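Asks: Here it is: the structure, laid out below.
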Amino acid sequence: MLNRIIRASIAHRWAVMAAVVLLALLGLWSFQRLPIDATPDITNVQVQINTEAAGYSPLEAEQRVTFPVETAIAGVPGLDHTRSISRYGLSQVTAVFRDGTDIYFARQLINERLQSVRGQLPQGVEPELGPIATGLGEIFMYTVEAQPGARKPGGGTYTPEDLRTLQDWVIRPQLRTTPGVTEVNTIGGYVRQYHVTPWPQRLAAYGVTMDEVVAALNANNANVGAGYVERHGEQYLVRTPGQATGVEDLQRIVVANRGGAPIRVADVADVILGEELRTGAATENGREVVLGTVMMLVGENSRTVARAVAERLEVAARALPAASPPSRSMTAPIWSTAPSPRSRRTWSRARCW
């Protein structure tokens, strides 16, 4: 048999050489697409259920949120075990499935069970599924910062609130469209909010309650359509634009009517641009910055996704006010194992000049 194989190989040597070259090219093509990583992801199949319960103590979060959720998902097909964490204002339940379970099938099962438990949870408490990622999915980090002395187009220097706004409305939406990215988390800065702060003395003087102020804000901050009017074969849309666009619009909202005189929000409360309460910050070299962390979709190639995110970050940086391409002086691929003082994760910057 061996002699026959040798004779056939010699007789058809060009076909053998072509097969060898083809296999070599196939091996080279496969090598370039291997999911190379410094630490292979061996995380089991799991689905996280996060629930914000503002003002709830750990005991209340456990009794009123965590326990009902764990009870609802018990017995799901393929479920191996569950574990949970109850903290102040937060409940997190992790459902671990048996190896080989499709992650999307598992999320669908959990989501169906959550629909049945929503009515048992306190009002305003909504459980949400975590991103389709694992603990090793943090493949790319970047900072949004302003160069020293940089000024905004309207005047003034960039504040942490401005940087957070640019991150939430300019950079993050573009990075989330990158193939292989499932979530972009943000730390640092301040989330911009409109704060309506009533004065108890003024409320009592005008005979207005807090509920009336809240109801007026809810009822007078929306656009309403009233159909259309047809004339000469054309349709004229009828609508009432009532969406508040700034502090002045909120101040002019009518809360009540006393003796024919309207009482507006500005008469009983202060309306200002404020900031959301935060419990942490991000710094770099002693300066406060906004830190973004890109989470990779389960099963993706970290090298390919990190490179795609770096390219998309350069595109997103062009949309920043008077921006130039982001500095890449600290960039290092996550899959590199060579000795280097740089970080194993991929870092980059988006600057405002």
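Asks: Taking residue 29 as meeting all but one of (1) of a type in the set (Phe, Trp, Tyr); (2) surrounded by 11 or more Cβ atoms within 10 Å (Cβ to Cβ); (3) over 30 Å from residue 125 (Cα atoms), write down the number of the exception.
Replies: So residue 29 meets the others, but not (2).
Asks: Here are the criteria: (1) touching an Asp or Glu at 6+ places or on another chain (Cβ under 9 Å); (2) part of a loop (DSSP other than H, G, I, E, B). Tell me which single one residue 50 does not satisfy.
Replies: Looking at each condition in turn, residue 50 falls short on (2).
Asks: Still on this model: Can you tell me which residues in the stretch 8-33 are closer than 30 Å to residue 297 by Cα and free of Cβ contacts under 8 Å to residues at least 40 places away in the same chain?
Replies: Taking the stretch 8-33 and keeping what is closer than 30 Å to residue 297 by Cα, we get 25-33.
Correct list: 25, 26, 27, 28, 29, 30, 31, 32.
Asks: Output the residues belonging to the stretch 77-111 that are more than 22 Å from residue 122 (Cβ to Cβ) and charged (D, E, K, R). Before the answer, list the steps.
Replies: So in the stretch 77-111, the residues more than 22 Å from residue 122 (Cβ to Cβ) come out as 77-81, 83, 96-109.
Correct list: 80, 83, 98, 99, 102, 107.
Asks: Go through (1) touching a Pro at 6+ places or on another chain (Cβ under 7 Å); (2) over 30 Å from residue 159 (Cα atoms); (3) modelled with pLDDT of 90 or more for residue 223 and report which single condition fails.
Replies: (3)
Asks: Okay, next question. Mind checking which residues of the stretch 135-152 are on the phi < 0 side of the Ramachandran plot and without any contact (Cβ under 8 Å) to a residue 24 or more places away in the chain?
Replies: Applying the first criterion (on the phi < 0 side of the Ramachandran plot) to the stretch 135-152 yields 135-148, 150-152.
Listed by number, the residues that qualify are 148, 151.
Asks: So which of 239, 264 is in contact with a Lys or Arg (Cβ under 8 Å, 6 or more places away or on another chain), free of Cβ contacts under 8 Å to residues at least 40 places away in the same chain and either outside the structural domain of residue 99 (by TED's automatic domain parsing) or exposed (fewer than 11 other Cβ atoms within 10 Å of the Cβ) (or both)?
Replies: Numbers: 239 fails: in contact with a Lys or Arg (Cβ under 8 Å, 6 or more places away or on another chain).
The match here is 264.
Asks: So, one more: For residue 264, are the conditions met, namely being at pLDDT below 90 and either under 20 Å from residue 191 (Cα atoms) or touching a helix residue (DSSP H, G or I) at 6+ places or on another chain (Cβ under 8 Å) (or both)? If you could, list the steps in order and put the result at the bottom.
Replies: Details: at pLDDT below 90: no; either under 20 Å from residue 191 (Cα atoms) or touching a helix residue (DSSP H, G or I) at 6+ places or on another chain (Cβ under 8 Å) (or both): yes.
It is false that residue 264 is at pLDDT below 90 and either under 20 Å from residue 191 (Cα atoms) or touching a helix residue (DSSP H, G or I) at 6+ places or on another chain (Cβ under 8 Å) (or both).
Asks: Another question, if that's okay. Write out, first by first residue and then by second, each pair whose Cβ atoms fall under 7 Å of each other, whose residues are 6+ apart or on separate chains, and whose first residue, in the stretch 84-95, is at positive phi while the second is of a type outside the set (D, E, K, R).
Replies: Every condition considered, the pairs that remain are 89/53; 89/54; 89/55; 89/56.
Asks: Give the stretch 93-109 a look and list any residue that's among the polar types (S, T, N, Q) and either farther than 17 Å from residue 135 by Cα or not assigned by TED's automatic domain parsing to the domain that holds residue 70 (or both), or say none.
Replies: As a first pass, look at the stretch 93-109 and keep what is among the polar types (S, T, N, Q): 94, 101, 108.
Selection gives 101, 108.
Asks: Quick check on my filter: what residues within the stretch 1-26 are exposed (fewer than 11 other Cβ atoms within 10 Å of the Cβ) and in contact with a helix residue (DSSP H, G or I) (Cβ under 9 Å, 6 or more places away or on another chain)? Even if it seems obvious, please write down each step before you answer.
Replies: To start, the set of residues in the stretch 1-26 that are exposed (fewer than 11 other Cβ atoms within 10 Å of the Cβ) comprises 1-7, 10-11, 13-14, 20-26.
Within the stretch 1-26, just 10 meets the criteria.
The values are calculated or read from the model by the stated rules, or taken from the named source; none is laboratory data. Computed from a prediction, not measured in an experiment: that's the story for all the values here. Ideal geometry is used to build each Cβ from the backbone, glycine not excepted, and the neighbour counts take in all protein chains shown.
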